[in-house]
Amino acid sequence: MATRVLSPAKQAWKKGWVPFLKYAWDNEPVLVASSVLGFAPPILYLFWPWKNWAEETNKLMPTKYPTPIRYVEGKTGPPTSI
C-alpha cells in the first residue's frame, strides 16, 4: 500500500501552530501579516483589561449639548454676530 505524501504546509500544521506560522511566514508574509492585523482588533477588544474603565470615562463626557436659539423676528433679540 502506498503512503500518502503530505504537503509541507500540512506537515507543519500537524506539528502545531508555531511551526505552521513559521512555514507560512516564510512563504507568504503578506497573507500572515494581513490575517494577524485582521484578527487582532476583535481579540484585543474582548481581552482588553481597561475596557470598563474606558466606558466609565466616556460616561463623564457630556454628549447632549443645548441647542442654540435661532433668531426669530419678534420672538428673540437681534443676532449678536452682526
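A few notes on this one:
- Within the range 28-71, being open to solvent by less than 100 Å² (accessible area, probe 1.4 Å), under 23 Å from Ala9 (Cβ atoms) and β-branched (Val, Ile, Thr) holds for Val32, Val36.
- The set of residues in the range 3-56 being among the aliphatic types (A, V, I, L, M) and more than 13 Å from the chain's Cα centre (by Cα) consists of Val5, Leu6, Ala9, Ala12, Val18, Leu21, Ala24, Val30, Leu31, Val32, Ala33, Ala54.
The values are calculated or read from the model by the stated rules, or taken from the named source; none is laboratory data. As the structure is a prediction and not an experimental result, all values here were calculated from the model. Heads up, the Cβs are rebuilt from the backbone with ideal geometry, glycines too, and the neighbour counts pull from every protein chain shown. Note: areas computed on protein heavy atoms with side chains; ligands, DNA, RNA excluded. Shrake-Rupley method; radii C 1.70, N 1.55, O 1.52, S 1.80 Å.
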